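These notes are about the structure you will find just below.
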Amino acid sequence: MLLLNLVIQSGLSAVSNPDWFTLIFQQWDNFWNNTINLNDENNGYTNRYITFGQLQSRPKVWTTPPFPDWELLTIEVLIPGDQMRLYKVGDSTKWFNYTLMLKEIRTVAPLERIHYPTIFSYVFPVQCGLVASTTTEFSINIQPMHGGGNGRFGTYTTQIVFNVYDKEHALLAKKCYDFILYNKFRGDGNSDFYSVLLIERYPTASDIDIEYLQQHSSEKLDVGAVTFVSNETCGMYYLNFSPSPDSSNPFCFVNEATPSCTIPYKVVDPLDSSISRSHQFDLALPYTPDGTGWRDRLEIAIRNANYTNIIPRAGCYRSVIKIELRNN
């Protein structure tokens, strides 16, 4: 499920604006596509150390700072169940423990600060670079798993979420890192097949500017992503996108106080951005011809809001896009 929110009202202004900052999350692609072996006992049990991404923070160009201490940011780290574990797909009784390291690389003293979170959510300060970017690197150290036989072989997954706030705790940026790795074999010990589906919600899915999307009907707004990895080499997988709870309705925002008041929008085809869908649709996933199956990460976007040109009632609106993985 992908939840979208917007508020239609006037007279509000944020303390800060994301456009005042350059906040760039980067990720390295080898940790989400099930190509890293967590624990190969044939080569000895060793820790698996992965630097999986980083955040670069610096201001946009202006002559006068927008408010005092504007450069003081906060990063919040969230993990599922507040435990640093990669769980086996289909069997939550088996996992790998890991530790998380966050290294802040600065242009002023101290030039480096390192954090080792142990309690979540974990919050730590970052000073946005004044001359050059402040870079915060993200790494995990996965501890080996000893013994256990074939029952421990398989695919393991987790997520780590980073939120960036200004000094007034206004959300400026958000990033969810998906981890999909395997232990010994990329199956479950009884079968060589695995399938993993992860859905990510972007911060842009909240407080959507409906007026802007209506006036710029050809522009799209990325609101999330879906990641699918499988080593099946036959059959066909596809995703079904539909409005929830009633899949027969068009995609629309629903007024929480008056559900009969709706604002329609269209969902952009993730494989062809020139196509937009007003109702539910299926999307066949492209097969990777190298024999490794599917390795897809598709962004989900909306556009052409209020294409019926209604006059919306003020209030809070919500929409849910239901995403289902199906197989033929």
Contacts under 8 angstrom Cβ, first residue in the range 256-272 being acidic (Asp, Glu), partner surrounded by 18 or more Cβ atoms within 10 Å (Cβ to Cβ), 6 or more apart: 256/317; 269/276; 269/283
Residue in the range 210-221 that is modelled with pLDDT of 80 or more and surrounded by 21 or more Cβ atoms within 10 Å (Cβ to Cβ) present: yes
For residue 82: the one exception among (1) modelled with pLDDT under 85; (2) surrounded by fewer than 14 Cβ atoms within 10 Å (Cβ to Cβ); (3) not basic (Lys, Arg): (1)
Considering residues of the range 310-328 that are in contact (Cβ under 8 Å) with a residue 12 or more places away in the chain and in a loop (DSSP other than H, G, I, E, B) only, the residue nearest to residue 282 (Cα to Cα): 328
Output for the range 265-276, where each listed residue is surrounded by fewer than 16 Cβ atoms within 10 Å (Cβ to Cβ) and within 21 Å of residue 249 (Cβ to Cβ): 275
Some residue of the range 246-269 being farther than 18 Å from residue 305 by Cβ and part of a strand (DSSP E or B): no
Some residue of the range 255-264 being surrounded by 15 or more Cβ atoms within 10 Å (Cβ to Cβ) and among the hydroxyl-bearing types (Ser, Thr, Tyr): yes
Test: residue in the range 186-208 that is in contact with a Lys or Arg (Cβ under 7 Å, 6 or more places away or on another chain), at pLDDT below 80 and not in a loop (DSSP other than H, G, I, E, B): yes
Filter result (modelled with pLDDT of 85 or more, buried (at least 20 other Cβ atoms within 10 Å of the Cβ) and among the aliphatic types (A, V, I, L, M)) within the range 159-180: 160, 164
Top-ranked residue of the range 71-93 - restricted to ones that are within 19 Å of the chain's Cα centre (by Cα) and acidic (Asp, Glu), ranked as farthest from residue 196 (Cα to Cα): 76
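The values are calculated or read from the model by the stated rules, or taken from the named source; none is laboratory data. Predicted model, so just to flag it, every value in this text is computed and none were measured. Cβ sites come from the backbone with ideal geometry, for glycine too, and all protein chains shown count toward neighbours.
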